[in-house]
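Have a look at the structure below, then the notes.
The values are calculated or read from the model by the stated rules, or taken from the named source; none is laboratory data. In this text, all values refer to a predicted model and were calculated from it rather than measured experimentally. So basically every Cβ, Gly included, is an ideal-geometry build from the backbone, and we count neighbours across all protein chains shown. Just the protein is used for accessible areas: all its heavy atoms, side chains included, with ligands, DNA and RNA removed. Shrake-Rupley method; radii C 1.70, N 1.55, O 1.52, S 1.80 Å.
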Amino acid sequence: MKTTTYLALSLMTSALLLSGCGETSSSDTTNAQNVPLTSGQLVDSYVQNIDYTCGDNTTGVTDINGSFHCDVLPVTFHVGGLHFGTITKIKQDTQVFPQDLVGVTRKDTNNSSVLAMAQFLQSCDDDNNSANGITIKESVKQAFQDRNITFRAEDVQAYATDANIDLVNKSQAHTHLQKTTTFVTHVEEHNEDHNEENKEEGHQDKSSGKIPQTIANALLTPASTLTQATKNTLAYMGNEERLAYDVYTELYNYHLTQGDTITQLINIATKSEATHIATVQLLVEKYVQDLSEFTNVDVTTNFTMANGDLNASKLPTGVYNIQKIQNLHDILITKGQQSKQDALEVGCMVEVTDITDLLKDIEIAKESNATDIVTSFEFLRDGSYSHYWAFDKGLKNMGISDGCCSLGEAYCHTEYPTHKEEDKNNQEHNQNEQGQNHSQNSQAQGQNHSQNSQAQGQEDDQNEQGQAQGQSHSQNNQAQGQEDDQNEQGQAQGQNHSQNSQAQGQNHSQNSQAQGQEDDQNEQGQAQGQNHSQNNQAQGQKNNQKD
């Protein structure tokens, strides 16, 4: 039985932060909503190219993921005329094992019929490597094409003879089936209720240690053949996620004793990093048998095997089996204990490191065509983007106006994506200039010039818009207007008008501005951009407002 290893693998010390490395399983329950499932996967590894017949007599062949679909159940699986079994219900995890076809519990991998079926299916694999999935040979299907028999354990050797294949031994077949069954059980045990919404600040991840459905789906696909570099990324990511959890939890508890509650630290640790740890541990369970398979582990210390218990709180805190990560942990704790600001800055540092490494490791995983690892790492990366902005916000709330950027250029990443709502607010803040309330339809219009910025006002029966546009220059920013539904930037919007008159401008790092002026009846403010080597400005100002 394969077990999961407690990863304690390393990143770098502070200066190296940016260098990086580059009770019952739901599987034995039916659909909780009592809505019959009609699609699933045939598994002992995922079995491709096996025939199936649905309740309405439609037929199909399983794909590379062992997937099948029937509008009407039951569904019967067969290779030519050799019938393996029929199921009348698809379990909530959508997996169909030999145990299900025989009609015993998933735990009963020693059942003679189950074991014989596993032997035969694994022996039919076209590349004799069940670890990367099972693809039934066409020659096997042809051998039973004109037969109409039901699979019996006592006849498995005769089936192998008829199909001209060599049977794998029972021990090998059992080990493989047990590994697959255990892994699927662990994935389902850690699969969250995907309808549950997490409203905690500072992360998008779900409940502690529970993986989202997208990650469960990615994990439940055939294993890829990994390069050593790809396998090593699992060690690095396992380490980085453990480091983040440990540091955030330790700093939260320390500052709590000092009278400060830093909610970002505990929220991200328990609601996100715990989930990230479980994600990487499940990847390790899928691909790695022993720590010795990693070539980037430079000490011999090993930890207790986890047996599928991925609860981050039960992992040894602050203890690692690579000295570099031990040193890094100690440095971060020392800094983070100095003040609340330092603790939040540590968060910025950890998340930038994580993102930097993940971007590299995603590309490495792509080289192995390991889509499950790519999907999982992208999930971790997106979580780290959110964490970065949570720490950045925490610093700004303390009056540190530059947020994470106060640490210097290395940790200043305004290009990182934000939450959807934060994205919207950020766009409105950085790209839009809003005009004040007017009683008579105030509009800001700019004149068109070949080298000038333009502020254009336009009235529409449904939605009037005023726009200010600046022309492109070699060293200048642009203020661009937009009409109606086009996705141009730079809008100054006026509020509360009978005709929704709007004045829009756009902020730029080179101070390109267009502002409209107000008239009691229908004043038109014109902002003209002047061609300068450094600045392209169009100015119109009212009521001390400047964008």
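Worth a mention:
- Scanning region 52-81 for residues that are under 30 Å from residue 224 (Cβ atoms) and either assigned to a loop (DSSP other than H, G, I, E, B) or in contact with a helix residue (DSSP H, G or I) (Cβ under 7 Å, 6 or more places away or on another chain) (or both) returns 62, 63, 64, 65, 66, 70, 77, 79, 80.
- Boolean, residue 144 is modelled with pLDDT of 95 or more, aromatic (Phe, Trp, Tyr), more than 28 Å from residue 287 (Cα to Cα) and open to solvent by 10 Å² or more (accessible area, probe 1.4 Å): no
- Applying a threshold of 9 Å to beta carbon distances and a minimum spacing of six or more residues, or different chains, the list of pairs starting in region 336-351 at a residue that is more than 24 Å from residue 417 (Cα to Cα) and ending at one that is at pLDDT 95 or above and among the β-branched types (Val, Ile, Thr) reads 336/247; 336/346; 340/262.
- Condition check for residue 42: under 29 Å from residue 137 (Cβ atoms), at pLDDT 95 or above, open to solvent by less than 30 Å² (accessible area, probe 1.4 Å) and in a helix (DSSP H, G or I): no
- Test: residue 341 is open to solvent by 50 Å² or more (accessible area, probe 1.4 Å) and under 18 Å from residue 412 (Cβ atoms): yes
Residue-wise test of (1) out of contact with any strand residue (DSSP E or B) (no Cβ under 8 Å at 6 or more places or on another chain); (2) among the hydrophobic types (A, V, I, L, M, F, W, C); (3) under 21 Å from residue 345 (Cβ atoms); (4) open to solvent by 10 Å² or more (accessible area, probe 1.4 Å).
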| site | (1), (2), (3), (4) |
| --- | --- |
| 228 | yes, no, no, yes |
| 231 | yes, no, no, yes |
| 238 | yes, no, no, no |
| 243 | yes, yes, yes, no |
| 248 | yes, no, yes, no |
| 251 | yes, yes, yes, no |
| 254 | yes, no, yes, yes |
| 257 | yes, no, yes, yes |
| 268 | yes, yes, yes, no |
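- Residues being assigned to a loop (DSSP other than H, G, I, E, B) and within 31 Å of the chain's Cα centre (by Cα) are represented in region 117-136 by at least one member.
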